[in-house]
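This report concerns only the one structure given below.
Bear in mind that the values in this text are calculations on the coordinates, not laboratory data. No experiment lies behind these values; they were computed from the predicted model shown. For neighbour counting, all protein chains shown are included, and Cβ atoms are generated from backbone atoms with ideal geometry for every residue, glycine included.
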Amino acid sequence: MGNLLVRLPYLQFYSDKTKYAHSKLFTITTNPLYKDNKGLDIHEYEHIKQFYLMWLLSVILFYYYFPLIIILGLLTHNLLYTVSLRYRLWSEVNAYKKQMEVDNNYSLEVCAKSLVEDYGFTHLTLSAATELIEYKNNNS
Ligand SMILES: [Zn+2]
């Protein structure tokens, strides 16, 4: 199942203080210069899906013990992304896979280079990054 016709709800903002685009909680902020950039859009929307997935998982796993997770679970994606390099890598690799699928301007080389340089993965080599993005396991 590729692109759903209806998106999960999120808020879209534009700001020239953002270099390209980024996502936080259920918001995407995009530099107006990249307003119509399909690759960036799909990359950030992938983070929105991850936000909802982690919220849902948190609620499923912890609601019985801790009902307040319905509210606090909204932070799960951003918290994991901040504290766990492994989670951040999973999150970005999947976002880059989607980005490459919809936009030929983002080659494997460009995405791998960006993955290595822009996210604090100090031990990630270019060849490892290339392999991670190239690996076709997504059946979503
Ligand atoms: Zn990203």
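About its Cα centre, what dipole magnitude does the chain give when the only charges are +1 on Lys and Arg Cβ and -1 on Asp and Glu Cβ, stated in debye to the nearest 20? Don't jump to the answer; show the numbers that get you there.
Values: 13 positive and 13 negative charges, 68 e Å.
Around 320 debye, computed over the chain.
If you stretched the chain out fully between LYS17 and TYR34, how much longer would it get, using 0.36 nm times the residue separation minus the C-alpha to C-alpha distance?
Working: separation 17, 0.36 × 17 = 6.12 nm, distance 1.24 nm.
Working it through step by step, the gained length comes to 4.9 nm.
Determine the gain in length on full extension of the stretch GLU131-VAL102; use 0.36 nm per residue of separation and subtract their C-alpha separation, reporting nm with one decimal.
This chain segment gains 8.5 nm when fully extended.
Got a sec? How would GLU92, GLU131, GLU46 order by Cβ neighbour count within 10 Å, fewest to most?
Final ranking by Cβ density, sparse to dense: GLU131, GLU46, GLU92.
For the chain, what does the alpha-carbon gyration tensor say about shape, rounded, prolate or oblate, given a ≥ b ≥ c as the root eigenvalues, a/c under 1.5 as rounded, and a/b over b/c as prolate?
prolate
Quickly estimate the mean residue ellipticity at 222 nm for the chain, helices only: each DSSP H run with n ≥ 4 gives -39500 (n - 2.57), and the total goes over all residues, rounded to 500.
-17000 deg cm²/dmol
Using Cα positions and a limit of under 17 Å, work out the lysines in reach of LYS98, with same-chain residues fewer than 8 apart set aside.
The reachable lysines, counting only those whose Cα sits under 17 Å from LYS98, are LYS38, LYS49, LYS113, LYS136.
Considering the options ASN105, PHE26, PHE62, tell which one lies farthest towards the positive end of the dipole of the stretch 11-134, charges being +1 on Lys and Arg and -1 on Asp and Glu at the Cβ, about the Cα centre.
The one lying farthest along the dipole's positive direction is PHE62.
Between THR122 and LEU72, what is the FRET efficiency for a Förster distance of 30 Å, r being their Cβ-Cβ separation, to the nearest 0.05?
E(calc), rounded to 0.05, equals 0.50.
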